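Notes follow the structure.
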Amino acid sequence: MNAPASLPNTSAFEMDRAHVLHPWANFGPFEKAGSLVIARGQGAKLWDEQGREYFDAVGGMWCTNIGLGRREMADAIAEQAERLAFANHFVDMTNDPAARLAAKLAELAPGDLNRVHFTTGGSTAVDTAVRVVSYYHHARGNPDKTDIVARENSYHGSTYLTQSVGKRNGDRIEEFRYKTEGIHHLSCPNPYRRPDHMTEAQFCDDLIAEFEALIARVGADKIGGFIAEPIQASGGIIVPPQGYLRRMWEVCKRHDILFIADEVVTAFGRVGHWFAAEDAFGVQPDMITCAKGLTSGYLPLGALILSDRIWAAMADGGHRWFTTGLTYSGHPVSCACALKNIEILEREGLLGNADRVGAYFNTRLKALENLPLVGNVRGQGLMLCVENVANKTTKALLPDEVNESKRISDMAESLGLLVRPIGHLNVMSPPLIITEAEVDFVVDTLEAAIRRVTDDLVREGHRMG
Ligand code: PLP
């Protein structure tokens, strides 16, 4: 296949276009334009095959926390691959990096979250957590307490079960099927899009009442678990109202509902803490799911961290089997990579950097609310976004087909900056090594991109303000 003259004509570009089905592929545009081939990464910077440089404000996919291209990480991976590249981790076999990483995660996780089940990524960790809910309640004599409560606009992964538990705007399509039985969705706790007549505190009261009403309707004997990202990530950087998560947790405790904190994005420093649920929101979850920043994206790995209390119930009587797990659970090279990653995060004080530079980033980005297209800037730590609107008073969006956030990210890309378009948002989650000078570059470049796209939209007859 020959690429049109304006497209790169490298073999990676061509082979990708001819053979790869990308996650969340949009068939038409992909077949027309193909993919950007990234060839190299160092720190927060990427270079494409043509040698063009980009500042990666997306952090890969919320994951390159320590930054790319670290020699000591490459060495740690190579050494482990040479010593022991793989070992069975089923039933009663283990390896040194998996055991040490489990102990380290138990040390970093809040409260009595001392037990670790390793997976291949975030989806498989969440999938397992949801199944542990029914296991736990069954073991305690409540076999019908299996329903899961999640929220609108949450994202918990891409397996059949986790796509059914999550419910992000735009992801649900009629071509796919979703499990609906035993899964309930509460309102998204988005303060920016709360009903006009409510204060944030009233909105929070309303969300708690909605949860209590659901429990009254369905029955506490049926609802086994509640799952929440402390800050909803790809659903739009939703920082919930003050006190919301803690109050949801208190409702859970009253009704013996397990609280699963999905920290696939928020853990490992993204918002300045090892885990956000307790340190940022005062919640002691029963289970935490994590991945991404666990290895900073150098290798795939996920983990489900569960409480001693859950373990004790599952193990009670000494006769049950935990019949779930993955070939690559406890992969020695991935676990060695995670241990090195945690060592670097600790040694370089990167959680503190995320906190400090994140505060600077949030302040600088907030100023973009003065632009006619920007309705809301929000975030915490190094999770931030800009929401584009057609009308700042009504918060009405531009028609979906205008695709302004994709046009803004394309414009930013042409200026050497990668930001992620999601719906009507432009989202950022840079590596935790980011400096204030780099924040200045990101904000100034994003502003230039938004201004240029706004000018184009005005020329096309769209009205904003
Ligand atoms: N949970 C959350 C909150 C996520 O953001 C993601 C991925 O973005 C997942 C789970 C799924 O993780 P993975 O893509 O590693 O399976």
> Given VAL357, VAL386, VAL333, which one is assigned to a helix (DSSP H, G or I) and farther than 22 Å from THR94 by Cβ?
Replying inline: VAL357
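Does LYS340 qualify as being closer than 25 Å to ASP456 by Cβ and assigned to a helix (DSSP H, G or I)? Break it down stepwise before answering.
Working: closer than 25 Å to ASP456 by Cβ: no; assigned to a helix (DSSP H, G or I): yes.
It is false that LYS340 is closer than 25 Å to ASP456 by Cβ and assigned to a helix (DSSP H, G or I).
Taking the conditions exactly as written (of a type in the set (A, V, I, L, M, F, W, C), assigned by TED's automatic domain parsing to the domain that holds ALA78, under 21 Å from ASP127 (Cα atoms) and more than 13 Å from the ligand (Cβ to nearest atom)), does TRP249 satisfy them or not? Spell out the reasoning first.
Details: of a type in the set (A, V, I, L, M, F, W, C): yes; assigned by TED's automatic domain parsing to the domain that holds ALA78: yes; under 21 Å from ASP127 (Cα atoms): yes; more than 13 Å from the ligand (Cβ to nearest atom): yes.
Yes: the conditions hold for TRP249.
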> Given the structure, is LEU113 buried (at least 24 other Cβ atoms within 10 Å of the Cβ), assigned by TED's automatic domain parsing to the domain that holds GLN80 and more than 16 Å from the ligand (Cβ to nearest atom)?
Replying inline: yes
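Residue-by-condition table, conditions (1) within 16 Å of the ligand (Cβ to nearest atom); (2) of a type in the set (Gly, Ala, Ser); (3) under 28 Å from LEU425 (Cα atoms); (4) modelled with pLDDT under 95:
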position	(1), (2), (3), (4)
LEU7	no, no, yes, yes
ALA18	no, yes, no, yes
ALA25	yes, yes, yes, no
ARG40	no, no, yes, no
TRP47	no, no, yes, no
ALA74	no, yes, no, no
PHE86	no, no, no, no
PHE90	no, no, no, no
ASN95	no, no, no, no
>> Between a residue in the stretch 296-309 that is in the same structural domain as PHE259 (by TED's automatic domain parsing) and polar (S, T, N, Q) and any residue that is more than 11 Å from the ligand (Cβ to nearest atom) and part of a strand (DSSP E or B), which pairs come within a Cβ distance under 8 Å, given they are 6 or more apart or on different chains?
In response: SER307/ARG115; SER307/MET287
> Taking GLU31 and the conditions (1) closer than 25 Å to LEU365 by Cβ; (2) outside the structural domain of GLY416 (by TED's automatic domain parsing), which numbered condition does it fall short on, given that it satisfies the others?
Replying inline: (1)
>> Here are the criteria: (1) buried (at least 24 other Cβ atoms within 10 Å of the Cβ); (2) away from the ligand (no atom under 15 Å from the Cβ); (3) aromatic (Phe, Trp, Tyr). Tell me which single one TYR135 does not satisfy.
In response: (1)
> So is ALA57 crowded, with 17+ Cβ neighbours inside 10 Å, outside the structural domain of ILE148 (by TED's automatic domain parsing), of a type in the set (A, V, I, L, M) and at pLDDT 95 or above or not?
Replying inline: yes
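From the list GLU181, GLU82, which residue is more than 19 Å from ALA336 (Cβ to Cβ), free of Cβ contacts under 8 Å to residues at least 40 places away in the same chain and surrounded by fewer than 23 Cβ atoms within 10 Å (Cβ to Cβ)? If you could, list the steps in order and put the result at the bottom.
Numbers: GLU82 fails: more than 19 Å from ALA336 (Cβ to Cβ).
None of the other options fit; the residue is GLU181.
Condition test on ALA125, is it more than 16 Å from the ligand (Cβ to nearest atom), touching a residue at least 24 places away in the same chain (Cβ under 8 Å), closer than 30 Å to GLU79 by Cβ and among the small types (Gly, Ala, Ser)?
Values: more than 16 Å from the ligand (Cβ to nearest atom): no; touching a residue at least 24 places away in the same chain (Cβ under 8 Å): yes; closer than 30 Å to GLU79 by Cβ: yes; among the small types (Gly, Ala, Ser): yes.
So ALA125 fails the test.
Which one of these is among the aliphatic types (A, V, I, L, M), in contact with a strand residue (DSSP E or B) (Cβ under 9 Å, 6 or more places away or on another chain) and within 16 Å of the ligand (Cβ to nearest atom): ILE237, ILE215, ILE223, ILE257? Explain how you work it out, then say what you get.
Values: ILE215 fails: within 16 Å of the ligand (Cβ to nearest atom); ILE223 fails: within 16 Å of the ligand (Cβ to nearest atom); ILE257 fails: within 16 Å of the ligand (Cβ to nearest atom).
The conditions single out ILE237.
So, ASP206, is that one touching a residue at least 40 places away in the same chain (Cβ under 8 Å), at negative phi and more than 16 Å from the ligand (Cβ to nearest atom) or not? Explain how you work it out, then say what you get.
Numbers: touching a residue at least 40 places away in the same chain (Cβ under 8 Å): no; at negative phi: yes; more than 16 Å from the ligand (Cβ to nearest atom): yes.
Considered against the rule, which asks whether it is touching a residue at least 40 places away in the same chain (Cβ under 8 Å), at negative phi and more than 16 Å from the ligand (Cβ to nearest atom), ASP206 comes out as no.
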> Inside the stretch 147-163, can you point out the residues that are more than 8 Å from the ligand (Cβ to nearest atom) and either among the charged types (D, E, K, R) or crowded, with 22+ Cβ neighbours inside 10 Å (or both)?
Replying inline: ASP147, ILE148, VAL149, ALA150, ARG151, GLU152, ASN153
>> Between a residue in the stretch 390-419 that is touching a residue at least 12 places away in the same chain (Cβ under 8 Å) and under 19 Å from VAL439 (Cα atoms) and any residue that is of a type in the set (Lys, Arg) and surrounded by fewer than 17 Cβ atoms within 10 Å (Cβ to Cβ), which pairs come within a Cβ distance under 8 Å, given they are 6 or more apart or on different chains?
In response: MET411/ARG452; GLY416/ARG52
>> Please go through the stretch 282-321 and give me each residue that is charged (D, E, K, R) and away from the ligand (no atom under 16 Å from the Cβ), ordered by number.
In response: ASP286, ASP308, ARG309, ASP316, ARG320
>> Among the listed residues GLU438, GLU369, GLU387, identify the single one that is at pLDDT 95 or above, acidic (Asp, Glu) and either in contact with a Gly (Cβ under 7 Å, 6 or more places away or on another chain) or within 22 Å of SER35 (Cβ to Cβ) (or both).
In response: GLU387
>> Cβ contacts < 7 Å: first residue under 23 Å from ILE66 (Cα atoms), restricted to the stretch 428-456; second residue among the basic types (Lys, Arg) and in a loop (DSSP other than H, G, I, E, B), any location; separation 6+ or different chain. Result?
In response: SER429/ARG270
> Take the residues of the stretch 253-295 that are surrounded by fewer than 24 Cβ atoms within 10 Å (Cβ to Cβ) and free of Cβ contacts under 8 Å to residues at least 40 places away in the same chain: which is nearest to the chain's Cα centre (by Cα)?
Replying inline: PHE259
> Is it true that ARG463 is over 24 Å from the mean Cα position of the chain (by Cα), touching a residue at least 12 places away in the same chain (Cβ under 8 Å) and over 26 Å from ALA25 (Cα atoms)?
Replying inline: yes
> Of the residues in the stretch 434-465, how many are over 20 Å from LYS392 (Cβ atoms) and surrounded by 16 or more Cβ atoms within 10 Å (Cβ to Cβ)?
Replying inline: 6
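The values are calculated or read from the model by the stated rules, or taken from the named source; none is laboratory data. No experiment lies behind these values; they were computed from the predicted model shown. Here the Cβ is made from the backbone with ideal geometry for all residues, glycine too, and neighbour counts use every protein chain on show.
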